[in-house]
Amino acid sequence: HGRPNCRRPNPEPMQNGEAMSPDAQDSRGPPGDEENQGAIPSAPPLPQEPLPCPRPRLVFHTQLAHGSPTGRIHGFTNVRELYAKIAEVFDISASEILFCTLNSHKVDMQKLLGGQIGLEDFIFAHVRGETKEVEVVKTEDALGLTITDNGAGYAFIKRIKEGSTIDQIKTVCVGDHIEAINDQSIVGCRHYEVAKMLKEQQRGTPFTLRLVEPKKAFDMIGQRTRAPKSSEGKMVTGKETLRLRSKGSATLEEIPSEFEDKAIKKVDDLLESYMGIRDPELATTIVEAGKNKKNPDDFAEALDSVLGDFGFPDVFLFDVWGAMGDVKNGRL
């Protein structure tokens, strides 16, 4: 997609554009009739200023999660562009960035950057650390993994169910990027595709996961056993957020209403139970598609037009429709 060639509008008023007083304008005749009026010919028209760039001109502060100076970034409209801006500030490759958290440098999935960034949020980028390989044998149908992705081609582990097959393998951690399954690279696959591949692994047959863990600072090592400081990671909620979209431009929006907030959380829970993924941006898109619909058929049609690739099962759609109705009527 080509980017529009946008120039920032000049913040100062153009002096020569305002040089002519109303009196001077009144003394001139109609355009092209200067000779008859005996007036001084007007200056050639100023070149027309291009329309303001549609991208919100917002500046965000950012750091690498394992430690770095603070950088300032702006002018991004989706996650890939955000990563490119962060990479540019810290002179690294954008492919080094696994995911970002807001207002905490820890691998905290509650603070994961989704489709919304509050205007006061501080962005921490988690970059590639050690690579490791683990052998897994499925002892039951579910591995106990919930997958999400960073919107730029990397799927990673968002949750590990306590007591599950994966929970027994202590080298596998929340935040690990799944780079390959049985030496087959899954870089570029969406989270639902990765979840499906893991689901399809045969019980009793060993398979290998190649994982990349996020780089950690010394004070983050062993963090799973340490209680968080009470002042750490306070979420900042501005009155507006920057809504990032995988397609189209970012927009400034009001923070979600209480209905939308509850509905998004419920839909995210349903995504996990049906598909083994969590994705607040996807949940937000689903809620937006359904909140003004009158019946489940209209909702299914609207969802298919924006998210047809996912092939959601009908039972999932009915459960989502029911959950949104419950939230709307105060039952949840």
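When every residue of the stretch 314-322 is checked against the conditions, at least one turns out to be modelled with pLDDT of 85 or more, part of a helix (DSSP H, G or I) and either of a type in the set (Gly, Ala, Ser) or in contact with an Asp or Glu (Cβ under 9 Å, 6 or more places away or on another chain) (or both). Residues of the stretch 240-248 include at least one that is modelled with pLDDT under 85 and in contact with a Pro (Cβ under 9 Å, 6 or more places away or on another chain). Cβ-Cβ distances below 8 Å connect the following pairs, each with a first residue in the stretch 289-309 that is free of Cβ contacts under 8 Å to residues at least 60 places away in the same chain and closer than 13 Å to Val320 by Cβ, a second residue that is loosely packed, with under 14 Cβ neighbours inside 10 Å and among the hydrophobic types (A, V, I, L, M, F, W, C), and a separation of six or more residues or different chains: Ala289/Val306; Pro296/Phe318.
Assessment of the stretch 271-280 against the conditions (farther than 17 Å from Ile117 by Cβ, aromatic (Phe, Trp, Tyr) and open to solvent by 50 Å² or more (accessible area, probe 1.4 Å)) yields at least one matching residue. Among the candidates Asn292, Asn329, the residue that is within 27 Å of Thr77 (Cα to Cα) and more than 22 Å from the chain's Cα centre (by Cα) is uniquely Asn292. Scanning the stretch 131-186 for residues that are exposed (fewer than 13 other Cβ atoms within 10 Å of the Cβ), in a loop (DSSP other than H, G, I, E, B) and among the charged types (D, E, K, R) gives Glu140, Asp141, Glu162, Lys170, Asp183. Name the single residue, out of those in the stretch 281-322 being surrounded by 15 or more Cβ atoms within 10 Å (Cβ to Cβ) and of a type in the set (Phe, Trp, Tyr), that is nearest to Ala152 (Cα to Cα). Checking each candidate, the answer is Phe310. Screening Ala180 with (1) at pLDDT 95 or above; (2) at positive phi gives one miss only, at (2).
Within the stretch 108-126, being of a type outside the set (Asp, Glu) and open to solvent by 10 Å² or more (accessible area, probe 1.4 Å) holds for Met109, Gln110, Lys111, Leu112, Leu113, Gly114, Gln116, Leu119, Phe122, Phe124. With respect to the stated conditions, Ser95 is assigned to a helix (DSSP H, G or I), small (Gly, Ala, Ser) and either touching a Gly at 6+ places or on another chain (Cβ under 7 Å) or open to solvent by 20 Å² or more (accessible area, probe 1.4 Å) (or both).
The values are calculated or read from the model by the stated rules, or taken from the named source; none is laboratory data. Bear in mind the structure is a predicted one, so any value in this text is a computation, not a measurement. Neighbour counts run over all protein chains shown; Cβ positions are idealised from the backbone, glycine included. The area values use the complete protein model at the heavy-atom level, side chains included, leaving out ligands, DNA and RNA. Shrake-Rupley method; radii C 1.70, N 1.55, O 1.52, S 1.80 Å.
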